[in-house]
Amino acid sequence: MTNRQESTLRRLLLTCCTPEACAALLRAVKVPAALMDQTGDEVSRAVIAQALNLLLFRDLLARVPTGERYVAECVSQGRQIVFDHGALRTVALEGMGNLPAGEQAITRVLLPLGYRKSAVYPLDRLGMTGRSYTHSDFSEELPQFFVSELHPERFSPGFQQAVARVTASSHDPLSEFAQAALQELGTRQLLSFHQASTLLPTLLACFQRQHVDPTLSDYALLLAESAEMAWIATEGNVFNHATDRVSALDELVAEQRRLGRPLKDTIETSRSGRVRQTAFRADPVERAFIDSKGATLRRTVPGSFYEFIQRERLRDLVTGAQRLDLAFDSGNAQGIFKMTAAA
């Protein structure tokens, strides 16, 4: 029999992972008490959002050994990760199978979960646009999402044709049940536990690659003009990176360099000076490609990476209160994106 006095968040996580994995996640990542302490058979949008973020964080660590080692060291030292944001990439193109174009494939999930668009960031050097989404109920405590769109029309005709071929097989992971549940969640801001636990695996599926293995020739065409689109060809809509919010970035960088970790050469600093970021270089992954004869072969390509961010506080111009600067910066983002540019 289910203990309805047990944390609803923990119960929800247990529908998607083992008790050991659930316990490890909750040891590793800081969760607001207001979310951890919710119980009962109705699940708030914030608890569903927290569960989704924790499982996406776990998925990233499974693909990023450098980040996994870092997190394990933090846990062994009694420090929990403050999960600042997750980032992912989309393609602003109609006709990708039955998958909605661009960020709509992701925002149709984020908005019912309580996220709101907070800012737009031109990434013109990359032929992309980034948008940040912040949770309405727990803006500083729940991770933000940084969702970028690549604009194929800014590249050559041959590139555009390769993008269309790579993404043509995309499928939509959202079932009719999931769409109805998200609509209800957007209205009521609550779901029954049964609805939430049934919905959660489908939400996770939205943050995967939705198309089949690319051909090696199309991958080469994409890589010649955009390392970001080449990355999307192999990785899809998975988290490109997850970010740890830290209080002393310079000290952390010095320690990670002492340990020989593969860090970005410099720290990116926003124009305001309040947001500073750096990252481990992307971990390599092995992915399948189709050759000219239709055979499957495997190649090593850049995967995802683990990032660090230090945010300062600022005075709210409306209320006068101090709040965390949750902004991003176009220059920072374009510098950080280079972590997956290695061929």
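The values are calculated or read from the model by the stated rules, or taken from the named source; none is laboratory data. Computed from a prediction, not measured in an experiment: that's the story for all the values here. For neighbour counting, all protein chains shown are included, and Cβ atoms are generated from backbone atoms with ideal geometry for every residue, glycine included. With ligands, DNA and RNA removed, areas are computed over all heavy atoms of the protein, side chains included. Shrake-Rupley method; radii C 1.70, N 1.55, O 1.52, S 1.80 Å.
Hey, if you put +1 on the Cβ of every Lys and Arg and -1 on every Asp and Glu Cβ in the chain, which of 174, 23, 212 ends up farthest toward the positive end of that dipole? With unit charges placed on the Cβ atoms, the residue in question is 23.
So for the chain, averaging the separation of alpha carbon pairs under 8 Å that are six or more residues apart and normalising by length, what relative contact order in percent results?
Once divided by the residue count of the chain, the mean separation gives 18 percent.
Largest first, the residues 216, 263 sort by 1.4 Å accessible area into 216, 263. Averaged over every viewing direction, what's the projected area of the C-alpha convex hull for the chain? Give it in nm², one decimal, please. Convex hull of Cα atoms, orientation-averaged projection: 18.3 nm².
Based on Cβ point charges of +1 for Lys and Arg and -1 for Asp and Glu, what charge dipole magnitude is obtained for the chain about its Cα centre, in debye rounded to the nearest 20?
Working: 38 positive and 39 negative charges, 91 e Å.
Using Cβ point charges on Lys, Arg, Asp and Glu, the chain gives about 440 debye.
Charged side chains reduced to their Cβ positions (Lys and Arg at +1, Asp and Glu at -1) give region 1-144 a dipole of some 180 debye around its Cα centre. For region 104-179, what is the relative contact order in percent, using Cα pairs closer than 8 Å and at least 6 residues apart in sequence? That works out to 20 percent.
The residues of the chain present an accessible area of 42 Å² per residue when probed at 1.4 Å with all protein chains retained.
State whether region 11-149 is rounded, prolate or oblate according to the following rule on the C-alpha gyration tensor (a ≥ b ≥ c being the square roots of its eigenvalues): a/c under 1.5 gives rounded; otherwise a/b larger than b/c gives prolate, and the remaining case gives oblate. Can you show the working numbers first?
Details: a/c = 1.85, a/b = 1.46, b/c = 1.27.
Here region 11-149 falls in the prolate category.
Ranked by the mean number of other Cβ atoms within 10 Å of their residues, highest first, the peptides 119-132, 140-153 fall in the order 140-153, 119-132. When all protein chains stay in place and ligands, DNA and RNA are ignored, the 1.4 Å accessible-area order of 287, 274, 11, largest first, is 274, 287, 11.
Any idea what the dipole of region 211-320 comes to, in debye rounded to 20, about its Cα centre with Lys/Arg Cβ at +1 and Asp/Glu Cβ at -1? Walk me through the numbers on the way to the answer.
On the way: 16 positive and 17 negative charges, 70 e Å.
It works out to roughly 340 debye.
Keeping the other protein chains in place, figure out the carbon and sulfur percent of the accessible area of the chain, with a 1.4 Å probe.
Numbers: 7390 of 14500 Å².
Carbon plus sulfur share of accessible area: 51 percent.
Bridgeable aspartates and glutamates around residue 293 (alpha carbons under 19 Å apart, same-chain partners fewer than 8 residues away excluded): 213, 218. Ordering of 294-300, 42-48 by packing is 42-48, 294-300, highest average first (other Cβ atoms within 10 Å, averaged per residue).
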